[in-house]
1. Relative to the longest principal axis of the C-alpha atoms of the chain, give the angle of the C-alpha long axis of helix 48-61, reported between 0 and 90° and rounded to the nearest 10°.
2. Let me know the charge dipole size of the chain about its Cα centre in debye, to the nearest 20, where only the beta-carbon of Lys, Arg (+1) and Asp, Glu (-1) is charged.
3. Can you spot the lysines whose alpha carbon is less than 28 Å from Lys46's alpha carbon? Ignore those fewer than 8 places along the same chain.
4. Between Rg and the Kirkwood Rh of the stretch 42-83, both from Cα atoms, what is the Rg to Rh ratio?
5. Please give the direction-averaged projected area of the C-alpha convex hull for the chain, in square nanometres with one decimal.
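Derivation of every value follows stated rules applied to the coordinates shown; laboratory data play no part. Fair warning: this is a prediction, and the values are worked out from it, not measured in the lab. Cβ coordinates were reconstructed from backbone atoms using ideal geometry, including for glycine residues, and neighbour counts include every protein chain displayed.
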Amino acid sequence: MDFSFDLVDLEKKFRRKFSKVSKYDPIITKFCEGTFALCQIDALGKNANYVRLRLSKRIDARGLDKQITISVVNNIAYLKENV
């Protein structure tokens with residue numbers, strides 16, 4: 001079985017582009033825009049520890065780790081504003 005192909009000389013390898021926005025960003029944005037000091041996160045269908053992990057990474061990526069803390073107690077995720 002024969003097939004045809006072409007080789008193209010490249011100077012550099014193209015990098016995969018990742019989305020700069022996460023589906024968890026609206027949670028952080030709403031918390032920051034609100035007057036919440038402490039709030040519970042109800043993420044239907046997601047384990048609270050999974051949500052904590054994702055939100056923690058997004059909080060760090062946005063440089064908000066000094067202002068916001070996320071924790072899990074009894075499989076419920078909480079966002080808390082650091083004073």
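1. 70
2. Details: 16 positive and 10 negative charges, 49 e Å.
Rounded to the nearest 20 debye, it is 240 debye.
3. The qualifying lysines are Lys17, Lys20, Lys23, Lys30, Lys57, Lys66, Lys80.
4. Working: Rg = 10.2 Å, Rh = 10.5 Å.
In the stretch 42-83, Rg relative to Rh is 0.97.
5. Values: hull surface 41.7 nm².
Over every viewing direction, the Cα hull of the chain projects on average to 10.4 nm².
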